[in-house]
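Written below as structure tokens is the structure these notes are about.
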Amino acid sequence: MRTLITFQNKSIPVYFNQENKQPMQKTLRLLSSALEHKISNGKRAIQKCLHSLISIEIINGEAILHSRSENDSLALSLY
């Protein structure tokens, strides 16, 4: 399943698998708050990934952040 979120004035696609146990709205709220926190308080590697973010994939409690450069992609725990 796919949905869009707005982050830093960009629409970012978020992909879910059908096996997620948590409700989608709760997961999106956790994701949004984690991204906002990391963009202001995160280390340089996380901020670099977030500035070039192109998509997010949610697998169970993990958010895989895909950036333009494959080397900048990383995983973020939501729970």
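The values are calculated or read from the model by the stated rules, or taken from the named source; none is laboratory data. Owing to the predicted nature of the structure, the values given are computational and were not obtained by experimental measurement. Cβ coordinates were reconstructed from backbone atoms using ideal geometry, including for glycine residues, and neighbour counts include every protein chain displayed. Note: areas computed on protein heavy atoms with side chains; ligands, DNA, RNA excluded. Shrake-Rupley method; radii C 1.70, N 1.55, O 1.52, S 1.80 Å.
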Determine ³J(HN,Hα), in whole Hz, for all residues of segment 8-15 in sequence, where each value follows from phi through the Karplus function 6.51 cos²θ - 1.76 cosθ + 1.60 and θ = phi - 60°; x replaces Gly and Pro.
6, 6, 10, 8, 10, x, 10, 9
Compute the angle between helix 24-41 and the longest alpha-carbon principal axis of the chain, please, reported from 0 to 90 degrees and rounded to the nearest 10.
10 degrees
Under a 1.4 Å probe, what is the accessible area of the chain per residue, stated in Å²?
64 Å²
The chain: relative contact order as a whole-number percent, Cα under 8 Å and 6+ apart
25 percent
Suppose only helical runs count, i.e. DSSP H with n ≥ 4. What mean residue ellipticity at 222 nm does that imply for the chain under -39500 (n - 2.57) per run, divided by all residues and rounded to the nearest 500 deg cm²/dmol?
-10500 deg cm²/dmol
If the reach is capped at under 20 angstrom between alpha carbons, list the aspartates and glutamates near Lys10, excluding any in the same chain fewer than eight residues apart.
Glu36, Glu57, Glu70, Asp72
Among His37, Leu65, Ile12 the positive-end extreme of the charge dipole of the chain (Cβ point charges)
His37
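Computing the accessible area with a 1.4 Å probe over protein heavy atoms, can you report the carbon and sulfur percentage for the chain? Don't skip to the answer; put the middle values down first.
On the way: 2520 of 5090 Å².
The computed percentage sits at 50.
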Mind running the shape call on the chain? Use the C-alpha gyration tensor, a ≥ b ≥ c as the square roots of the eigenvalues: rounded below 1.5 for a/c, prolate if a/b tops b/c, oblate otherwise.
prolate
